[in-house]
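Report on one structure; see the data block that follows.
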Amino acid sequence: MRIEEIIVVEGKDDTKRLQQFVDADTIETNGSALSEDTLEKISHAEQVRGVIIFTDPDFSGEKIRKQITEVVPTAKHAFISRKKGEPKNAGGSLGVEHADKEAIIGALKNVSTPKQTEFTSEIEIEDLIYFGLIAGNCAKKRRELLGEKLNIGYTNGKQLKKRLTMFQIEKDTFIQAMKDILKDEQNDRI
């Protein structure tokens with residue numbers, strides 16, 4: 001599988017892992033302290049070929065994603081779940097380098113692109129509370145599942161509404177995804 005856009009990853013291990021499964025060029029951020037030079041490279045890559053941000057599903061990965069999005073708001077986003085980024089050996093950190101072929105190919109086939117048009121979300125904080133996405137025992141798990149289902153990645157409760165708006169998720173799409181998640185939860189209890 002050939003990827004036309006340049007994929008932004010955190011390090012060389014991510015590049016090696018991606019290149020086992022896809023033919024792609026990468027830019028490595030080498031950590032969460034992005035230099036001006038790296039941001040300029042990413043900005044230029046977006047103008048020339050397009051960019052896909054594919055960072056780890058952890059705090060540092062989200063920090064990098066936000067920094068790049070501020071400079072390159074048109075960048076596409078590929079996400080893997082925290083579960084799919086877990087290391088095989090105990091003690092390792094979450095990362096793209098631990099994802100299997102299916103997770104990587106799936107993420108790259110289902111990239112999300114934030115829309116640049118004006119969008120007012122009809123999803124309210126009350127909706128997030130109603131579906132147990134902000135508080136409660138299942139909130140984190142539900143946000144993980146919602147991020148996977150809508151292909152917008154995991155986010156904490158404070159950032160969820162912003163992420164839903166950024167990717168212009170319509171209220172009916174959100175509600176249907178939550179109904180599916182709650183139905184699956186009930187089936188798991190049976």
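Taking the average, over residues, of other Cβ atoms within 10 Å as the packing measure, peptides 105-118, 123-136 rank 123-136, 105-118 from highest down. Secondary structure note: in the stretch 1-129, about 10% of the DSSP beta bridges are antiparallel.
Magnitude of the charge dipole for the stretch 53-190, about its Cα centre and with charges confined to Cβ atoms of Lys, Arg (+1) and Asp, Glu (-1), is about 220 debye.
Dividing the helix sum by the residues of the chain, where each DSSP H run of 4 or more adds -39500 (n - 2.57), gives a mean residue ellipticity at 222 nm of -15000 deg cm²/dmol. Axis of helix 139-150 versus longest Cα principal axis of the chain: the two differ by about 60°, to the nearest ten degrees. In the chain, taking the dipole from charged Cβ atoms about the Cα centre, the farthest positive-side position among ILE152, THR15, LEU133 is held by LEU133. Percent relative contact order of the chain, based on C-alpha pairs within less than 8 angstrom and at least six residues apart? It rounds to 17 percent for the chain. Charging the Cβ of each Asp and Glu at -1 and of each Lys and Arg at +1, and nothing else, the dipole of the stretch 1-134 about its Cα centre rounds to 500 debye. Which of THR55, SER35, PRO73 sits farthest toward the positive end of the charge dipole of the stretch 3-140, with +1 on the Cβ of Lys and Arg and -1 on the Cβ of Asp and Glu? Value computed over the given set: THR55.
Summed over the residues of the chain and divided among them, the accessible surface reaches 56 Å² per residue at a probe radius of 1.4 Å. How many percent of the accessible area of the chain is carbon or sulfur, using a 1.4 Å probe? The computed percentage sits at 47.
In degrees from 0 to 90, rounded to the nearest 10, what is the angle of the helix 171-189 Cα long axis to the longest principal axis of the chain? So the inclination is approximately 70 degrees. Axis of helix 59-71 versus longest Cα principal axis of the chain: the two differ by about 70°, to the nearest ten degrees.
A cut-off of 5 Å between modelled amide H atoms, ignoring neighbours fewer than 5 places along the same chain, links ILE53 with VAL8, LYS76, HIS77, ALA78.
The values are calculated or read from the model by the stated rules, or taken from the named source; none is laboratory data. Everything numeric in this text was worked out from a predicted model, so none of it was measured. Quick reminder, even Gly has a Cβ in these numbers, built from the backbone with ideal geometry, and neighbours come from all protein chains shown. To get the accessible areas, we keep the full protein, side chains included, count just its heavy atoms, and leave off ligands, DNA and RNA. Shrake-Rupley method; radii C 1.70, N 1.55, O 1.52, S 1.80 Å.
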